[in-house]
Each structure stands twice: as C-alpha cells, then as structure tokens.
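Each remark here refers to the structure printed beneath this line.
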Amino acid sequence: MGSSGDIEEAPVPAWKDIHKRAVDKGDQTYIDPATGYTVFTELSHRDRGYCCGNACRHCPFEHDNVGKPDQLRQQARAAREARRQARKASKEERPKSLGDSD
C-alpha cells in the first residue's frame, strides 16, 4: 500500500479484456484463461433472450432468474414460442421459388 489515503486498485481480471474483444468480434464464447473453460459472452446471453438462472458472469439480465425456477420455466417457454413465431413468419415472407406451384 502507498502513502496513507492511497487506495490500491484491484488488478483487472484477464477475462475482462478477452470478453470485450470477443464481443467486438461478434463471438458467442471465449476461453477463460485461468480455467480453460468456455464462457458465453453477453451476446450469447442476449440471443437467448432471458436469464438462464445459472448466475453467469456476463448475464445482461441482472441474474433475474437465479433461484427462481418457476419464473425461469415461464420465460424459457415464452422465448421458445417467440422463436417459433419468428420462424413461421419468416417462412411466410419468403418468395416462392420458380418451381413452386400455386
């Protein structure tokens, strides 16, 4: 510690910079340098659309479903239905190919 009144700053974990670079590149995951584990980036979590309840490091949903299994099931069900509806809508919007008949 320095002179009185100085506050030591905690070292920035290596994963912070690695996560930022991964997000900047559009990557869904990166490898944690300390553990070797694959870690989901914030982008991956946002694509899911809801908190998975696992207290993830980069959760953009403020760990909303941690310890709330009923709420998690409800949000997961709603997200699946939204994806199903989006797929259905995109199929309906596709133009017919030349070989398709009316």
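Ignoring ligands, DNA and RNA, what percent of the accessible area of the chain is carbon or sulfur (1.4 Å)? Walk me through the numbers on the way to the answer.
Numbers: 4140 of 8100 Å².
In the chain, the share of accessible area belonging to carbon and sulfur is 51 percent.
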Using DSSP to call loops (not H, G, I, E or B), can you name the GluC sites (Glu not before Pro) in segment 3-79 whose Cβ has at most 12 other Cβ atoms within 10 angstrom? 8, 9, 62
If the chain between residue 21 and residue 35 were fully stretched, how many nm would it gain, using 0.36 nm times the residue separation less the Cα-Cα distance? 3.2 nm
Report, in degrees rounded to the nearest 10, the 0 to 90 angle that the Cα long axis of helix 14-25 makes with the longest principal axis of the chain. 30
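Given the Cα-Cα distance of residue 80 and residue 46 and 0.36 nm per residue of separation, how much length would full extension add, in nm?
Values: separation 34, 0.36 × 34 = 12.24 nm, distance 1.40 nm.
Roughly 10.8 nm would be gained on extension.
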Students often get this wrong, so try it: which of (i) 82, 35, 26; (ii) 48, 34, 20; (iii) 41, 33, 22 is Cα extents along the principal axes in Å as calculated from the structure shown? (i)
Relative contact order (percent, whole number), the chain, Cα cutoff 8 Å, 6+ residue spacing: 13
Give me, ordered by chain and number, the residues 5 or more places off residue 29 or on other chains with an amide H under 5 Å from its own placed amide H. 41
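For the chain, what is the accessible area per residue in Å², given a 1.4 Å probe and the full set of protein chains? Before the final figure, lay out the partial values.
Working: 8100 Å² over 102 residues.
Per-residue accessible area for the chain comes out at 79 Å².
For a distance above 14 Å, tell me the whole-number percent of Cα pairs in segment 1-56 that qualify.
Values: 969 of 1540 pairs.
Result: 63 percent of Cα pairs exceed 14 Å.
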Residue by residue through segment 61-67, which ³J(HN,Hα) values in whole Hz follow from phi under the Karplus form 6.51 cos²θ - 1.76 cosθ + 1.60 (θ = phi - 60°), with glycine and proline marked x? 10, 6, 6, 4, 9, 5, x
Helix-only mean residue ellipticity at 222 nm, the chain, DSSP H runs n ≥ 4 weighted -39,500 (n - 2.57), per residue, nearest 500. What is it? -14000 deg cm²/dmol
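The values are calculated or read from the model by the stated rules, or taken from the named source; none is laboratory data. Predicted model only: the values in this text are computed from it and were never measured. Counting neighbours? That spans all protein chains shown, and the Cβs are built from the backbone with ideal geometry, glycine included. Areas reflect the complete protein model, heavy atoms only, side chains present, ligands, DNA and RNA absent. Shrake-Rupley method; radii C 1.70, N 1.55, O 1.52, S 1.80 Å.
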